[in-house]
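Read through the structure below, which is laid out as structure tokens, and then see the notes.
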Amino acid sequence: MQRRVVRVLIIGQILGGIGMGATLSLGALLAAQLSGSSAWSGMAATMSTLGAALVAVPLARLAQARGRRRSLATGSVIAGTGAVLAITSVAVDTFPLLLLALMLLGAGSATNLQARFAATDLASVRFRARDLSIVVWSTTLGAVLGPNLFGPGEVVGAFLGLPPLTGAFAFSLLATLGAAVVYSVGLRPDPLLTALATRQSPPAGERRIGGLGIVRSNPNARFAVAVIALSHATMVALMSMAPVHLRDHGATLTVVGLTISLHVAGMYALSPVFGALADRVGRMPVILTGQALLLTALTLFWLNGESTVAMTAGLILLGLGWSASVVAGSALIAEAVGVHDRAPLQGFSDLSMNAAGALGGALAGPILSMAGYSGLGLVTMILVAVIVSWSTLRLVAARRGR
């Protein structure tokens, strides 16, 4: 059953990746077009991230009550609704409606994040990180294919009579609705409901607490949530400003696109390797490996941020460090509590991850203006230092305990 669940999640992730990859870049272009100013183009990523943060906890609660099948399908349908509203916003030339559409499209990101946890519901302890990482890796296929649908999308859009630059949203709609069907049909029986039914329920009188309550009372959960959130904030801060920095230093659009593609490949392509390592050598060594990769990338940015070669190498390392940290941290989330508390904690983790990413992206612009990309790399080292210090304290405490 676990093998079938992972296969279904892979298909759903590919379709979800197509839905997101085909629209995020176009969202920035449409934001500039409908608002009349390129200064608003960054709102595409901001609204998408905000939308992902807002639906993370409700989707987790739905999963706890009705199962992963219902939760993942609902998130995909919400994202599909966002695609329809995006097309409509251009047709009626309404910028606020586009912002709402982009927020709803963010539900696709939240759904993709929750799918990685669905891979752990029935997984054995020996292969939990591996199964999670395979689902994370499958996002690569859709994320790479999605942006390549811009051209075909325009052809299809012209045939359907859609406004310019909205044809790719038709592919997004089909992909997200396809993902909803895959989850609805394929996740039977539901993995989370099956896990809940086969595990002993907590005592009847025990008070149930939400994700925030778990983080407050559970040191392992608190550490895992912090690792994921701070690593994501580090990655988003540097990645979101990289295209602007490269363009300001004379890089062509082709070079910028290639650099970001290599960064995305670093984020996802080796996630199964990090998952297998986390199962074999433990979560903490992989987390520290991820932080070492992040620190190496930030050092490159700090010392040689004007070099395109150094920027490209640094962004690849940034993606690899994010991958190792998030895969191992997510495995810790899955095993920090029992299955009856797992979904609330996972929802809170995704909320924290998206909120930290949004904050990191928002603060990166002013820091870039004041201190340059080198200064941005230096400032974000503080986040890495927090995780490394915390990890060291936990290792020392564990050794003393033994």
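The values are calculated or read from the model by the stated rules, or taken from the named source; none is laboratory data. Since this is a predicted model, take the numbers as computed values, not measurements. Here the Cβ is made from the backbone with ideal geometry for all residues, glycine too, and neighbour counts use every protein chain on show.
Structure notes:
Yes/no matrix, rows are residues, columns are (1) without any contact (Cβ under 8 Å) to a residue 40 or more places away in the chain; (2) under 22 Å from residue 196 (Cα atoms):
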position: 64; (1), (2): no, yes
position: 75; (1), (2): yes, yes
position: 91; (1), (2): no, no
position: 94; (1), (2): no, no
position: 99; (1), (2): no, no
position: 149; (1), (2): no, no
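- Filter pass, residue 138 being crowded, with 23+ Cβ neighbours inside 10 Å, among the hydroxyl-bearing types (Ser, Thr, Tyr) and modelled with pLDDT under 90: yes
- Test: residue in segment 106-115 that is within 18 Å of residue 40 (Cα to Cα), buried (at least 24 other Cβ atoms within 10 Å of the Cβ) and not β-branched (Val, Ile, Thr): yes
- Subset of segment 90-108 [farther than 12 Å from residue 30 by Cα and either among the polar types (S, T, N, Q) or under 24 Å from the mean Cα position of the chain (by Cα) (or both)]: 100, 103, 104, 105, 106, 107, 108
- Test: residue in segment 213-233 that is assigned to a helix (DSSP H, G or I) and more than 25 Å from residue 350 (Cβ to Cβ): no
- Sole exception among (1) of a type in the set (S, T, N, Q); (2) closer than 12 Å to residue 319 by Cβ; (3) crowded, with 18+ Cβ neighbours inside 10 Å for residue 240, by number: (2)
- Among the criteria (1) touching a residue at least 60 places away in the same chain (Cβ under 8 Å); (2) over 23 Å from residue 141 (Cα atoms), the one residue 276 does not fulfil is (2).
- If you go through segment 99-126 and pick out every residue that is assigned to a helix (DSSP H, G or I) and over 12 Å from residue 6 (Cα atoms), you end up with 18.
Matching residues to (1) touching a Ser or Thr at 6+ places or on another chain (Cβ under 7 Å); (2) within 21 Å of residue 140 (Cβ to Cβ); (3) crowded, with 19+ Cβ neighbours inside 10 Å:
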| position | (1), (2), (3) |
| --- | --- |
| 1 | no, no, no |
| 46 | no, no, yes |
| 49 | no, yes, yes |
| 60 | no, no, yes |
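- Search result, residues across segment 69-86 that are more than 29 Å from residue 189 (Cα to Cα) and surrounded by fewer than 22 Cβ atoms within 10 Å (Cβ to Cβ): 84, 85
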